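Here's the structure, in structure tokens; my notes come after.
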Amino acid sequence: MLRKQKVAFGTKANKNKHGYFVFLPAYIIFAGIYGKCMNKRRQKVHYILTDYMTASVTWLLFNMLRYNEIAQYDFHSLDSFLLYPQVLKGQVLIPLFWLILYFFSGYYNKPFGKSRIGEFFSTFITVAIGAVVIFFTVLLNELPSSFYIYYKLFFSLSLIQFVLTYTGRAFITNYSLRKLWKGEWREHAIIIGTGENARKMREDLYESGYSVVGFVKINKDVATPAVDTDEILGTTEELMEILEKHKADGLVVAIDDENKSNAIQLLYSLYHYKKPIKIMADKNNMFLNIKVKTIHDIPLIDVTENNFSEFEKNIKWLMDKVVSFCVLVILSPLYAYLSIRVKIDSKGPVFFSQERIGYRGKPFTIYKFRTMYANAAHQGPLLTAREDKRITPFGRFLRKYRLDEIPQFWNVLKGDMSLVGPRPEQRYFIDRIVQKAPYYYLLHNVRPGITSWGMVKYGYAETVDKMIERLNYDILYYENMSLVLDIAILTYTIKIVFTGKGV
């Protein structure tokens with residue numbers, strides 16, 4: 001028989017016959033709001049509110065089932081059970097648990113462009129995982145009269161949660177798809193280019209549900225355009241003003257053969273506008289190593305995307321924040337000790353800071369323990385050689401065990417870097433690398449890391465040519481990104497730290 005103290009989220013409170021309908025007004029209000037006009041900014045909020053409400057209804061219905069199967073032996077009425085303070089607490093916390101789980105599943109990352117089949121399986125898998133967690137953390141504490149009741153409760157919870165969640169999501173997704181099919185909602189794109197390829201791209205995009213805002217010239221000296229001059233919004237030099245004036249969800253690059261030699265530099269210059277950048281899949285372009293995704297039946301390459309799934313992106317983000325915070329707190333005595341040793345070893349500041357180029361080409365300041373004499377920085381951008389005389393005695397020890405890099409956990413916590421990712425470089429060296437390996441710019445689709453596959457397998461590079469050799473490892477990482485590979489790289493890095501093979 002169930003004991004009151006064993007009821008998860010359930011103890012006695014004042015009666016209120018209609019207490020368990022407290023959430024009904026919220027559903028009615030939401031339904032009224034949703035029936036009005038919808039826009040893309042609200043789409044994610046609609047999914048979140050719907051998921052929270054369906055999870056609340058699910059837990060309410062499930063508690064009614066629990067009462068009939070277990071709690072009726074200790075509570076004289078359904079109202080007295082549902083209005084227990086712990087039950088009401090669960091009515092708030094359990095839906096929040098589902099929202100957190102849905103967030104880490106990556107469901108909210110891209111509120112538009114969802115596949116109904118993909119949505120079905122995504123919801124099914126997430127609900128199955130969540131139901132198992134709730135079963136072992138909440139339901140297993142209860143003492144039913146028969147073990148069979150455990151099965152009934154588990155599968156009932158799973159079924160109700162899935163049906164209500166998927167129904168709510170399908171309603172929003174189908175509503176969005178109908179708007180797209182009717183042409184009431186369209187992706188607004190600006191095409192970079194004014195030649196024949198741009199004209200053809202405009203036709204393809206329009207037939208596939210896009211709305212083309214206009215065209216942008218590659219430069220002022222472009223040849224006679226193949227599009228109407230009144231559709232040309234300006235040049236790439238004026239793109240910032242164009243984006244501020246015109247609504248655009250993304251940029252589509254469609255350049256002719258005469259401009260393809262400068263395609264990589266052009267694409268890179270578009271990163272800082274923080275818009276998705278797509279380019280036509282072409283056997284002659286530099287992005288054959290990126291997965292081609294058919295977007296509304298058009299084979300486009302999104303050069304601002306990487307191969308991480310939405311789930312992996314969120315888990316990687318969480319790992320970065322948690323691990324970096326723990327390291328900064330736990331290793332604070334080590335930070336203090338190393339700071340003192342650096343100060344004693346030679347004159348100058350404890351930390352060395354330098355501008356590096358990070359995610360989407362954004363500059364940021366990287367931090368290290370200083371390993372060189374204070375005047376070394378005045379000699380300009382130089383790579384470190386194995387027997388570099390600029391390195392201090394203690395600095396050589398720090399580099400050997402990679403301890404000079406540990407201040408970068410602060411960069412990770414700030415969001416400038418990740419635990420694992422291609423090492424960030426100075427603009428000076430990037431400009432020289434891309435002259436021989438323009439595909440280097442692909443690495444800016446990933447946050448730079450404290451450690452990388454290139455650093456693990458190759459180590460420090462003393463020349464630009466060696467940096468390009470190391471680049472091959474980082475491109476290999478880019479093509480095969482996964483959480484498993486990140487963990488493997490971290491494992492190798494820990495081995496390097498403890499064996500002193502950092503130099």
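The values are calculated or read from the model by the stated rules, or taken from the named source; none is laboratory data. Predicted model, so just to flag it, every value in this text is computed and none were measured. Here the Cβ is made from the backbone with ideal geometry for all residues, glycine too, and neighbour counts use every protein chain on show. Each accessible area value is taken on the protein alone, full model and side chains, heavy atoms only, with ligands, DNA and RNA left out. Shrake-Rupley method; radii C 1.70, N 1.55, O 1.52, S 1.80 Å.
The residue pairs whose first member lies in segment 485-499 and is farther than 20 Å from residue 398 by Cα and among the charged types (D, E, K, R), whose second member is open to solvent by 40 Å² or more (accessible area, probe 1.4 Å) and part of a helix (DSSP H, G or I), and whose beta carbons are closer than 9 Å, counting only pairs six or more residues apart or on different chains, are 486/319. Can you name the residue in segment 254-265 that is open to solvent by 60 Å² or more (accessible area, probe 1.4 Å) and among the acidic types (Asp, Glu) and is also modelled with the highest pLDDT among such residues? Checking each candidate, the answer is 257.
Test residue 360 against the criterion of being touching a residue at least 12 places away in the same chain (Cβ under 8 Å), touching a Lys or Arg at 6+ places or on another chain (Cβ under 9 Å), of a type outside the set (Ser, Thr, Tyr) and assigned to a helix (DSSP H, G or I), and give yes or no. Walk me through how you get there before you give the answer.
Working: touching a residue at least 12 places away in the same chain (Cβ under 8 Å): yes; touching a Lys or Arg at 6+ places or on another chain (Cβ under 9 Å): yes; of a type outside the set (Ser, Thr, Tyr): yes; assigned to a helix (DSSP H, G or I): yes.
Considered against the rule, which asks whether it is touching a residue at least 12 places away in the same chain (Cβ under 8 Å), touching a Lys or Arg at 6+ places or on another chain (Cβ under 9 Å), of a type outside the set (Ser, Thr, Tyr) and assigned to a helix (DSSP H, G or I), residue 360 comes out as yes.
One residue stands out in segment 479-495 among those that are part of a helix (DSSP H, G or I), of a type in the set (Ser, Thr, Tyr) and out of contact with any strand residue (DSSP E or B) (no Cβ under 6 Å at 6 or more places or on another chain): the one that is least open to solvent (accessible area, probe 1.4 Å), namely 491.
State yes or no: is residue 450 modelled with pLDDT of 90 or more and touching a helix residue (DSSP H, G or I) at 6+ places or on another chain (Cβ under 7 Å)? Steps first, answer last, please.
Details: modelled with pLDDT of 90 or more: yes; touching a helix residue (DSSP H, G or I) at 6+ places or on another chain (Cβ under 7 Å): yes.
The answer is yes for residue 450.
For segment 108-126, the condition of being of a type in the set (Asp, Glu) and surrounded by 15 or more Cβ atoms within 10 Å (Cβ to Cβ) holds for at least one residue. Residue 200 meets the conditions (1) in contact with a Phe, Trp or Tyr (Cβ under 7 Å, 6 or more places away or on another chain); (2) part of a helix (DSSP H, G or I) in every case but one. The failed one is (1). Within segment 227-251, residues that are without any contact (Cβ under 8 Å) to a residue 40 or more places away in the chain have Cβ atoms under 9 Å from residues that are among the basic types (Lys, Arg) and loosely packed, with under 12 Cβ neighbours inside 10 Å in these pairs: 235/220; 237/220, counting only partners at least 6 apart in sequence or on another chain. For segment 346-365, a residue qualifies if it is of a type in the set (Phe, Trp, Tyr) and open to solvent by 60 Å² or more (accessible area, probe 1.4 Å), and the qualifying residues are 351, 352, 359.
Just one of (1) in contact (Cβ under 8 Å) with a residue 40 or more places away in the chain; (2) farther than 29 Å from residue 267 by Cα fails for residue 448. It is (2). Being out of contact with any Lys or Arg (no Cβ under 7 Å at 6 or more places or on another chain), at pLDDT below 75, of a type in the set (S, T, N, Q) and surrounded by fewer than 20 Cβ atoms within 10 Å (Cβ to Cβ), is that true of even one residue in segment 266-277? Looking through segment 266-277, none of the residues is out of contact with any Lys or Arg (no Cβ under 7 Å at 6 or more places or on another chain), at pLDDT below 75, of a type in the set (S, T, N, Q) and surrounded by fewer than 20 Cβ atoms within 10 Å (Cβ to Cβ).
Among residues belonging to segment 227-253 that are charged (D, E, K, R) and part of a helix (DSSP H, G or I), point out the one that is most open to solvent (accessible area, probe 1.4 Å). Full working, then the answer.
Residues of segment 227-253 that are charged (D, E, K, R), as a first pass: 228, 230-231, 237-238, 241, 244-245, 247, 249.
Add one more test, that the residue is part of a helix (DSSP H, G or I), and what stays is 230-231, 237-238, 241, 244-245.
Working: 230: 127, 231: 53, 237: 141, 238: 83, 241: 109, 244: 138, 245: 163 Å².
Among those residues, the one meeting the criterion is 245.
The C-beta contact set for segment 159-182 (first residue among the charged types (D, E, K, R), second residue open to solvent by less than 50 Å² (accessible area, probe 1.4 Å), distance under 8 angstrom, 6+ apart or interchain) comprises 169/47; 169/50; 169/51; 169/119; 169/123; 179/38; 179/185. Pairing each residue of segment 47-61 that is free of Cβ contacts under 8 Å to residues at least 40 places away in the same chain with any residue that is open to solvent by 20 Å² or more (accessible area, probe 1.4 Å), provided the two are 6+ apart or on different chains, yields C-beta distances under 6 Å for 49/30; 56/23. Taken over segment 335-359, the criterion of being more than 23 Å from residue 417 (Cα to Cα) and of a type in the set (A, V, I, L, M) is satisfied by 340, 342, 344.
From the list 101, 78, which residue is surrounded by fewer than 19 Cβ atoms within 10 Å (Cβ to Cβ), at pLDDT below 90 and over 30 Å from residue 181 (Cβ atoms)? It would help to see each step written out before you state the result.
Details: 101 fails: at pLDDT below 90.
After applying the criteria, what remains is 78.
Basic (Lys, Arg), within 23 Å of the chain's Cα centre (by Cα) and open to solvent by 70 Å² or more (accessible area, probe 1.4 Å) - does that describe any residue in segment 387-409? No - not one qualifying residue is present in segment 387-409.
Checked against (1) at pLDDT 90 or above; (2) open to solvent by 40 Å² or more (accessible area, probe 1.4 Å); (3) under 22 Å from the mean Cα position of the chain (by Cα), residue 469 meets all criteria but (3). Among the residues making up segment 138-158, those that are in contact (Cβ under 8 Å) with a residue 60 or more places away in the chain and either open to solvent by 50 Å² or more (accessible area, probe 1.4 Å) or not in a helix (DSSP H, G or I) (or both) are 138, 141, 142, 143, 144, 145, 152. Tallying residues that are of a type in the set (A, V, I, L, M) and touching a Ser or Thr at 6+ places or on another chain (Cβ under 9 Å) within segment 394-416 yields 3. Would you be able to say whether some residue in segment 179-187 is part of a helix (DSSP H, G or I) and open to solvent by less than 60 Å² (accessible area, probe 1.4 Å)? Scanning segment 179-187, I find at least one residue that is part of a helix (DSSP H, G or I) and open to solvent by less than 60 Å² (accessible area, probe 1.4 Å), so the answer is yes.
Out of segment 410-425, which residues are farther than 24 Å from residue 343 by Cβ and crowded, with 19+ Cβ neighbours inside 10 Å? Matches in segment 410-425: 412, 416, 417, 418, 419, 420, 421, 422, 423, 424, 425. For beta carbons closer than 7 Å, sequence separation of 6+ or different chains, a first residue in segment 459-478 that is free of Cβ contacts under 8 Å to residues at least 12 places away in the same chain and a second that is surrounded by fewer than 20 Cβ atoms within 10 Å (Cβ to Cβ), the qualifying pairs are 469/458.
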